[in-house]
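The values are calculated or read from the model by the stated rules, or taken from the named source; none is laboratory data. Quantities reported herein were computed from a predicted structural model and do not represent experimental measurements. We place every Cβ from the backbone using ideal geometry, glycine too, and count neighbours over all the protein chains shown. These area figures cover heavy atoms from the full protein model, side chains too; ligands, DNA and RNA do not enter into them. Shrake-Rupley method; radii C 1.70, N 1.55, O 1.52, S 1.80 Å.
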Amino acid sequence: KSKKCQLLCQNCHANLHEKEREESIAKSYEKKREKYIKRKTAMIEKFGGCCQNCSYKANGIQSLTFHHNNKSEKSFPLDNMAFIRKSDEELEIESSKCSLLCFNCHMEIENKELITKGLKYTPPQLDI
């Protein structure tokens, strides 16, 4: 084994392997991104593929989010990291506590208290 190795300082060793490390990180990122897209797309399809409040059908997965109907039952957010790190079973259980909403409806429902009294607009109510 010693014939395969070189004695290098830390800086020289880092420079030698920098390209390999960058390629490895890029591959890892792409794999995680693909996993996230695949799993979130499947979950969106399971919920009907459109906002359950206004029926908006997004062209991409970023416009649709999962809203926990009862915050006290929320174990974790269904965000990018959850779709990468959590098991299918964990995602299934958590998503059963949610509604699929477009980003606009989700923000209006989550931020009801921010709507000023003078505004003649009522945020949508979920009928789920």
Rounded percent of accessible protein surface that carbon and sulfur make up, the chain, 1.4 Å probe
52 percent
If you place +1 on the Cβ of every Lys and Arg, -1 on the Cβ of every Asp and Glu, and leave all else neutral, what size is the dipole of the chain about its Cα centre, to the nearest 20 Debye?
500 debye
With R₀ set to 22 angstrom, the calculated FRET efficiency between the beta-carbons of GLU45 and ARG85, to the nearest 0.05, is 0.55
Please work out the average accessible area per residue across the chain, using the 1.4 Å probe convention, and give it in Å².
76 Å²
With every protein chain kept in place and a 1.4 Å probe, the residues ILE84, ILE25 fall, from largest accessible area down, as ILE25, ILE84
Starting at the first residue of region 81-89, write each ³J(HN,Hα) from the Karplus equation 6.51 cos²θ - 1.76 cosθ + 1.60 with θ = phi - 60°, in whole Hz, x for Gly and Pro.
5, 5, 5, 8, 9, 7, 6, 4, 5
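For region 1-79, what percent of Cα pairs sit more than 15 Å apart?
Taking all Cα-Cα pairs of region 1-79, the fraction more than 15 Å apart is 72 percent.
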Taking H as built 1.01 Å from N, whose amide H comes closer than 5 Å to the amide H of GLN52, not counting residues under 5 places away?
LEU100, LEU101, CYS102
Dipole in debye (nearest 20) - region 4-78, about Cα centre, beta carbon charges: Lys, Arg +1; Asp, Glu -1:
260 debye
Determine, from the Cβ-Cβ distance of MET107 and LYS32 and an R0 of 30 Å, the FRET efficiency 1/(1 + (r/R0)^6), rounded to the nearest 0.05.
0.70
